[in-house]
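The values are calculated or read from the model by the stated rules, or taken from the named source; none is laboratory data. The shown structure was predicted, so the numbers you read here are calculated from the model rather than taken from an experiment. A quick note on method: Cβ atoms are made from the backbone with ideal geometry, for glycine too, and the neighbour counts reach across all protein chains shown.
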Amino acid sequence: MTIISSPENKLHLYRQQFPALANKVYFNYGGQGPMAQATMDAITQAQAYIQQLGPFGNAVSQWVGQQIKATKAAIASELKVQPETITLTENVTVGCNIAIWGLDWHPGDRLLISDCEHHGIVAVTQEISRRYGVEVTTFPLLATLNHGDPVAVLQQYLHPNTRLVVLSHILWNTGQVLPLDKIVKVCRDSGCFLLVDAAQSVGLLPLNLTELGVDFYAFTGHKWLCGPAGVGGLYVRPEVRESLQPTFIGWRGIITNSQGQPANKYPDGQCYEVATSNYPLYAGLKEAIAIQQQWGTAEERYQQICRHSEYLWQKLTQLPHIRLLQTSPPESGLVCFQLPHNHPQSHLELVKFLEQQGLFTRTIAHPNCVRACVHYFTIASEIDQLVEGIRQWLTMSS
Ligand SMILES: Cc1ncc(COP(=O)(O)O)c(C=O)c1O
């Protein structure tokens, strides 16, 4: 008997790699992606190998060094940058902290942030403001979701003293994708740095950061790339590295002299890495990226995500009284909607009701809504089940 390898078959086999997908219908990729079995195995095998070689010794140090290099090369292939521009971190927030604290702030400087940023990143800017007398301004990006021009609004809020703009590439609360090329240009023209929170864009959008020319791009491996929680990174444009000093520093970021004393910082992204990390996780992220790339190019993966989000968006528009935040199909995998009366408690009740049926979504506080994320390996029947679950809840609660 010949087994015909249809696209459905391929997708089915691909999905079997992810144990978490076997017992649920998952729409929380923007919170955390599931890991493939091979990703988990890569972590365990790396751990076993470290124990076999060391755990401490020259051979094992050399091997860990090679793993770090290979992980940076894998990340660099997704971001289209040189591996040396990458700093390995634990998550998005650490990357943002490196970029925000590392600038040379003075009282009276300004920092511009949108009203759609993650509270963890907003907290960093508030602390900078408190410590250094920096004025943090928030500009109204949310209102541009369906109408208006985000770049023009940003431009209105730039001030001669603005030193840094902090902005997400894809907004976690609405799914809006920002025109980063235009934003880079506006920031460059006004002489300020641009830090991008890439929590929702790495692993979702096809990227070429070298072409984009963004200054700082902070990301994580544990969301759309489906890597392990605990490894992320920061891209720093080589031309601005001298302007970004390490706030935390340790043996991993410095070159020692013949007496073993700190002599210089590493002249690349390593200068912001501090000390011992959970190295086996790097092997996990490298494997996770390989698995994504085996499925298709970044462009193919993105197009598939958009097809799925359009399908979900279309189906939700057919449900009575559901209000989608976006009035046209999203350009990302994040689909956000509100229930009739738009009450936070109803959104939470819906999310809990769905989870009881094995359907995983989440609530967002601002704007108050429910978020469902689709990946390229989401299947249409999952979307149908989600829409059916929402329909049931609407019927029950009407
Ligand atoms: C836009 C955005 N920024 C930051 C974060 C925090 O991510 P991490 O825990 O990797 O720092 C998230 C997590 O959901 C996010 O969506």
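Overview of values
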read-out	value
Given (1) more than 16 Å from the ligand (Cβ to nearest atom); (2) within 25 Å of residue 312 (Cα to Cα); (3) in contact with a strand residue (DSSP E or B) (Cβ under 8 Å, 6 or more places away or on another chain); (4) touching a residue at least 40 places away in the same chain (Cβ under 8 Å), index of the condition residue 68 fails	(2)
Residue satisfying all of: in the stretch 369-396; of a type in the set (S, T, N, Q) and in contact (Cβ under 8 Å) with a residue 40 or more places away in the chain; farthest from residue 291 (Cα to Cα) among these	385
Residues located in the stretch 119-141, provided they are in contact with a Ser or Thr (Cβ under 7 Å, 6 or more places away or on another chain) and in contact (Cβ under 8 Å) with a residue 40 or more places away in the chain	121
Of the criteria (1) assigned to a helix (DSSP H, G or I); (2) within 16 Å of the ligand (Cβ to nearest atom); (3) aliphatic (A, V, I, L, M), which one residue 35 fails	(1)
Condition check for residue 275: assigned to a loop (DSSP other than H, G, I, E, B) and either more than 22 Å from residue 98 (Cβ to Cβ) or not aromatic (Phe, Trp, Tyr) (or both)	yes
Of the criteria (1) more than 15 Å from the ligand (Cβ to nearest atom); (2) in contact with an Asp or Glu (Cβ under 9 Å, 6 or more places away or on another chain); (3) over 23 Å from residue 243 (Cα atoms); (4) not basic (Lys, Arg), which one residue 151 fails	(2)
Options 141, 111, 53, 145: the member that is in contact with a Lys or Arg (Cβ under 7 Å, 6 or more places away or on another chain) and at pLDDT 95 or above	111
Flag for residue 284 being surrounded by 14 or more Cβ atoms within 10 Å (Cβ to Cβ) and either at pLDDT below 95 or in the same structural domain as residue 116 (by TED's automatic domain parsing) (or both)	yes
Filtered residue count, the stretch 75-95, keeping only those that are within 13 Å of the ligand (Cβ to nearest atom) and part of a helix (DSSP H, G or I)	4
Matching entry among 395, 327, 363, 378 (being part of a helix (DSSP H, G or I) and on the phi < 0 side of the Ramachandran plot)	395
Conditions (1) within 16 Å of the ligand (Cβ to nearest atom); (2) not in a helix (DSSP H, G or I): number failed by residue 56	(1)
Members of the stretch 42-60 that are more than 34 Å from the chain's Cα centre (by Cα) and surrounded by 17 or more Cβ atoms within 10 Å (Cβ to Cβ)	none
Extreme residue, nearest to residue 201 (Cα to Cα), among residues of the stretch 114-131 that are of a type outside the set (Gly, Ala, Ser) and more than 12 Å from the ligand (Cβ to nearest atom)	115
Inter-residue pairs, beta-carbon under 7 Å, first more than 20 Å from residue 298 (Cβ to Cβ) and in contact (Cβ under 8 Å) with a residue 24 or more places away in the chain and in the stretch 176-204, second polar (S, T, N, Q) and away from the ligand (no atom under 16 Å from the Cβ), 6+ apart	186/155; 190/162; 192/162
Among the residues listed as 225, 178, 207, 167, the single one being under 22 Å from residue 367 (Cβ atoms), surrounded by 24 or more Cβ atoms within 10 Å (Cβ to Cβ), at pLDDT 95 or above and not basic (Lys, Arg)	167
Neighbours by Cβ (under 8 Å, 6+ apart or cross-chain): first from the stretch 84-96, closer than 17 Å to residue 284 by Cβ; second away from the ligand (no atom under 14 Å from the Cβ) and polar (S, T, N, Q)	88/71; 88/277; 90/277
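Here is a yes/no grid of residues against (1) out of contact with any Pro (no Cβ under 7 Å at 6 or more places or on another chain); (2) outside the structural domain of residue 218 (by TED's automatic domain parsing); (3) surrounded by fewer than 19 Cβ atoms within 10 Å (Cβ to Cβ):
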| site | (1), (2), (3) |
| --- | --- |
| 279 | yes, no, no |
| 321 | no, yes, yes |
| 337 | yes, yes, no |
| 348 | yes, yes, yes |
| 368 | no, yes, yes |
| 375 | yes, yes, no |
| 385 | yes, yes, yes |
